[in-house]
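To start, the structure under review is shown below, and the notes come after it.
Read the figures in this text as sums done on the coordinates, not as results from a lab. Only a predicted model underlies this, so the values are computations on that prediction, with no experimental measurement involved. Cβ coordinates were reconstructed from backbone atoms using ideal geometry, including for glycine residues, and neighbour counts include every protein chain displayed.
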Amino acid sequence: MTVPTDRERWNEKWAGAEMGTNHGSKLVELLEPWLPQTGQLLDIAGGGSGDSLEFARRGLMVTVADVSDVGLAHARARAAAQSLVIRTVEVDLRSEPLPAGPWDVITIANYLQRDLFEAIVDGLAPGGLLGVVIPTVTNLERHERPGRPYSLDPDELPTLVSGVEILHHSEKWRPNGRHEAHLVAQSPVL
Ligand SMILES: C[S@@+](CC[C@H](N)C(=O)[O-])C[C@H]1O[C@@H](n2cnc3c(N)ncnc32)[C@H](O)[C@@H]1O
C-alpha cells in the first residue's frame, strides 16, 4: 500500500472542511503587544487558518505557505470574500525550503516540524517577530489529536529556537480547551 503524501492527506482533509477551519489558535492576540502595523508576514502551514486574514486586515502583507493547494485555495477564497489580499505559496516543508525572507513576522500554529525552527529564525528580519502556538503532550489527556509526534514535550518549545530573545512563553490549558505552548520571540536588531 502506498503511503499518502502530506499534500494528499491534507488536500483530502481540507476538501472535506468546506472553507477551512480555525483551531482558535489566537495568534493575533498572542502577538498583539509587539505586532508592527506594516511589514511582511509569513504564516507557516496556515492553509485553513483564519489568523492570516486577521493579520491582513491589520495592514500586514501576508503570505501563507502550506503543502495543500486545497487549503490555500480556501484561504484565498476567504480572503477575497472579505476584500482582503493574501499571497499563497504551495510548498512541502518536509522537502522544500521555507519561502525566502526576510520576514518581519513569522507565525506558525498547530504544525510541528522541529527541524524547521533554524530556518524560521534565519528567515526573520532584524527585530523580526516569531509567534508560535502548538499543543503539548498534556493535550493528549483530553484530546486524541494532534497525536504524540505532533505535540511538544513540556517546555520544549523555547529549546527549539536559538539566537532570538524570548518575549513570552507559556504552557497551559487555554480557553479553546487545548493545552498549548505559546511563544513570542524577537530576532536581534542589528
Ligand atoms: C493542523 S493544520 C493547522 C492549520 C493552521 N495553522 C491552524 O492553526 O488553523 C496543519 C497544516 O499544516 C499543513 N501541512 C501539513 N504538512 C505540511 C508540509 N509537509 N509542508 C507544509 N505544510 C504542511 C496542512 O496542509 C495544514 O494546513
Magnitude of the Cβ-charge dipole of the chain, K/R +1 and D/E -1, about the Cα centre, nearest 20 debye? 480 debye
Rg(Cα) / (2.2 N^0.38 Å) computed for region 18-94, rounded to two decimals: 1.01
Taking amide H atoms as placed 1.01 Å from N in the peptide plane, list the residues 5 or more away in sequence, or in a different chain, whose amide H sits under 5 Å from that of Leu152. Thr136, Val137
The ³J(HN,Hα) series, computed from each phi in region 30-38 with the Karplus coefficients 6.51, -1.76 and 1.60 at θ = phi - 60°, rounded to the nearest Hz and given as x for glycine or proline, is 4, 8, 2, x, 10, 5, x, 7, 9
Under the definition of Cα pairs under 8 Å and six or more residues apart, what whole-number percent is the relative contact order of region 36-190? 19 percent
Cβ-based charge dipole, region 6-186, positive-most Cα from Met61, Gly131, Ile120: Met61
Counting DSSP beta bridges with both partners in the chain, what percentage is antiparallel, nearest 5? 40 percent
Translational diffusion coefficient (Stokes-Einstein; Kirkwood radius from C-alpha pairs) of the chain at 10 °C, 1.306 mPa s, in µm²/s: 95 µm²/s
From fewest to most C-beta neighbours within 10 Å, the residues Leu116, Leu140 line up as Leu140, Leu116
Work out the FRET efficiency for Glu165 and Ala100 from their Cβ-Cβ distance, taking R0 = 22 Å, and round it to the nearest 0.05. 0.40
Please list the non-local residues whose amide H lies under 5 Å from the amide H of Leu124, H modeled 1.01 Å from N, same-chain partners needing a gap of 5 or more. Trp103
Between Val137 and Asp115, how high is the FRET efficiency from 1/(1 + (r/R0)^6) when r is the Cβ-Cβ distance and R₀ = 25 Å? Nearest 0.05. 0.85
If amide H atoms are built 1.01 Å from N in the plane of the peptide, which residues on other chains or at least 5 residues away come under 5 Å of the amide H of Leu167? Val184, Ala185, Gln186
